[in-house]
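Enquirer: The following block contains the structure, expressed as structure tokens.
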Amino acid sequence: MTNVTQKRLFAAAIAGISTLSAHGVAAQEKINVTVLSGYTDRTAWVRTLKEFWMPEVNKRLAASGNYELNYLEAFGTVVQPRGEFDAIGNGIGNIGLVVTAFHTDKVPLSSVSYVTPFVTVDLALTSEINDALTFSIPEMQAGWEKFNLEFVGHMGAIKSYNVLSKDPIDSLDDFEGIKVSGAGLNLRWLEGLGATGVPTALPKFYQEVNSGVSDALVGWADVVGAFKLCEVAPHFLSADMGAVSNFAMVANKPWFDGLPAEVQTAIREVTPEYRNLLAEVTTAGDANGREACVAQGGSVHEISAEMRQEWADTLPNIAKEWASAIDGTGLPGSDVLTAYMDLMRAADQPIARQWDKE
């Protein structure tokens with residue numbers, strides 16, 4: 001073989017490799033995605049979304065090499081908490097997390113765990129049941145689609161609501177006359193105790209208690225460290241009020257519908273894994289938050305089984321009220337409540353009130 005022939009073969013090989021490389025690059029389409037939350041990555045749900053969900057979706061897509069998501073992070077910048085619902089529906093964000101408790105007027109059926117306190121502290125189970133209901137009850141999915149949103153999955157970052165207060169709460173009588181900050185629906189868990197609810201959002205808890213707007217807050221242990229809540233409300237009552245599925249991952253529906261099927265599948269497959277991982281992270285954070293409270297100068301008091309049951313018995317049947325009100329709009333509120341409670345009973349949870357049967 002002459003040197004000229006060798007050079008020609010070598011050049012052809014290089015050209016072939018270059019052509020294959022070019023085809024490989026061309027085959028992988030990059031899809032821009034704005035991922036949105038009103039909260040920053042100081043919170044467990046955004047941090048886990050960023051560290052697990054986002055790279056894991058691309059990991060699944062890398063198996064075929066056809067697509068890659070190019071993420072634009074919009075965490076705590078584009079909108080404030082409560083603003084995600086409209087922003088994603090309007091296409092300002094492509095996909096993100098919505099706090100369901102902030103939008104009970106729009107997607108009321110997604111709030112069933114908020115009206116059934118003292119049922120379970122199993123966060124993964126709560127979120128899994130909410131997913132099962134949403135994917136099996138057409139009205140629940142249709143509620144999101146009405147607002148240009150594609151429901152992807154429920155998840156939660158609250159293993160159990162608890163009460164943090166300026167002064168100790170040793171009995172239910174200590175709630176009489178105090179003001180308590182909360183997210184809205186969870187303030188109903190105080191009805192009958194003589195406290196006044198102050199509807200607000202997590203980023204304002206510290207300021208409101210510190211300034212005297214409220215005397216206590218309904219919160220959860222996982223955020224105590226990040227938001228330094230025990231600095232202003234040092235008495236942590238571990239109340240085992242119950243876990244809630246407080247987030248929904250939703251996408252702008254026209255955007256989602258326009259995605260390749262492979263990308264849609266990857267998003268749907270990874271989201272339940274994110275849901276379960278977030279439950280694990282939250283459970284671990286619950287223990288860390290209690291330690292953080294003590295480090296901030298506070299103290300943690302465990303509620304007695306008797307006080308928990310008394311508290312549950314004191315409440316009006318907020319679940320039945322919720323279901324009846326939704327029934328009146330033509331949506332299956334009572335059916336959703338019964339299905340939720342049936343699944344909790346089947347899972348043998350420590351239910352203090354049979355909300356659907358009273």
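The values are calculated or read from the model by the stated rules, or taken from the named source; none is laboratory data. Being a predicted model, the structure only gives us computed values, none of them experimental. Cβ atoms come from the backbone with ideal geometry, glycine included; neighbour counts cover every protein chain shown. Protein only, heavy atoms only, side chains kept; ligands, DNA and RNA dropped before computing areas. Shrake-Rupley method; radii C 1.70, N 1.55, O 1.52, S 1.80 Å.
Enquirer: What number comes out for accessible area per residue over the chain if the probe is 1.4 Å? Units Å², please.
Expert: Ligands and nucleic acids excluded, the result is 42 Å² per residue.
Enquirer: Treat each spin label as a single point 7 Å out from the Cα along the C-beta direction, and report the Gln28 to Lys50 distance in nm.
Expert: Simple spin-label model gives 2.4 nm for this pair.
Enquirer: Next question, about the same structure. Taking 0.36 nm per intervening residue step and subtracting the Cα-Cα distance, what contour gain separates Lys146 from Glu321 on full extension?
Expert: Additional length available on full extension: 60.6 nm.
Enquirer: Average the reciprocal distances over every distinct pair of alpha-carbons in the stretch 80-159, invert the result, and give the Kirkwood radius in Å.
Expert: Result for the stretch 80-159, one decimal place: 13.2 Å.
Enquirer: Further, regarding this structure: What's the local net charge at Asp356, with K and R +1, D and E -1, over the other residues with C-beta under 15 Å away?
Expert: -1
Enquirer: Further question: Counting Lys and Arg as +1 and Asp and Glu as -1, each charge on the Cβ, what is the dipole of the stretch 88-169 about the Cα centre in debye, to the nearest 20?
Expert: It comes to approximately 220 debye.
Enquirer: Could you rank Arg42, Arg275, Arg268 by how accessible they are, 1.4 Å probe, largest area first?
Expert: Arg42, Arg268, Arg275
Enquirer: Given H placed on each backbone N at 1.01 Å, which residues far from Ala183 in sequence or on other chains put an amide H within less than 5 Å of it?
Expert: Here the answer is Thr200, since their amide H atoms fall under 5 Å of that of Ala183.
Enquirer: Also, quick follow-up: Which net charge results for the neighbourhood of Gly328, defined as the other residues with beta-carbon distances under 13 angstrom from its beta-carbon, given Lys and Arg at +1 and Asp and Glu at -1?
Expert: -1
Enquirer: Continuing with this model, one more query. Across every pair of different alpha-carbon atoms, what Kirkwood hydrodynamic radius in Å does the stretch 255-353 reach?
Expert: 18.1 Å
Enquirer: What list of whole percents do you get for P(r) of the stretch 130-235, with Cα-Cα distances grouped in 5 Å bins up to the one holding the largest distance?
Expert: 2, 12, 20, 18, 14, 10, 10, 9, 5, 0
Enquirer: Also, quick follow-up: Ala347 to Asp313: extension gain in nm, 0.36 nm per residue of separation minus the Cα-Cα distance?
Expert: Full-extension gain reported as 10.0 nm.
Enquirer: How much length is gained on full extension from Thr265 to Asp170, taking 0.36 nm per residue of separation minus their Cα-Cα distance?
Expert: Value of the extension gain: 29.2 nm.
Enquirer: Along the positive direction of the dipole of the chain (beta-carbon charges: Lys, Arg +1; Asp, Glu -1; about the Cα centre), which of Ala74, Leu337, Leu315 reaches farthest?
Expert: Of the listed residues, the answer is Ala74.
Enquirer: Quick check on the stretch 197-325: what does the Kirkwood estimate of hydrodynamic radius come out to from the alpha carbon pairs, in Å?
Expert: Taking every pair of different Cα atoms in the stretch 197-325, averaging 1/r and inverting gives 17.8 Å.
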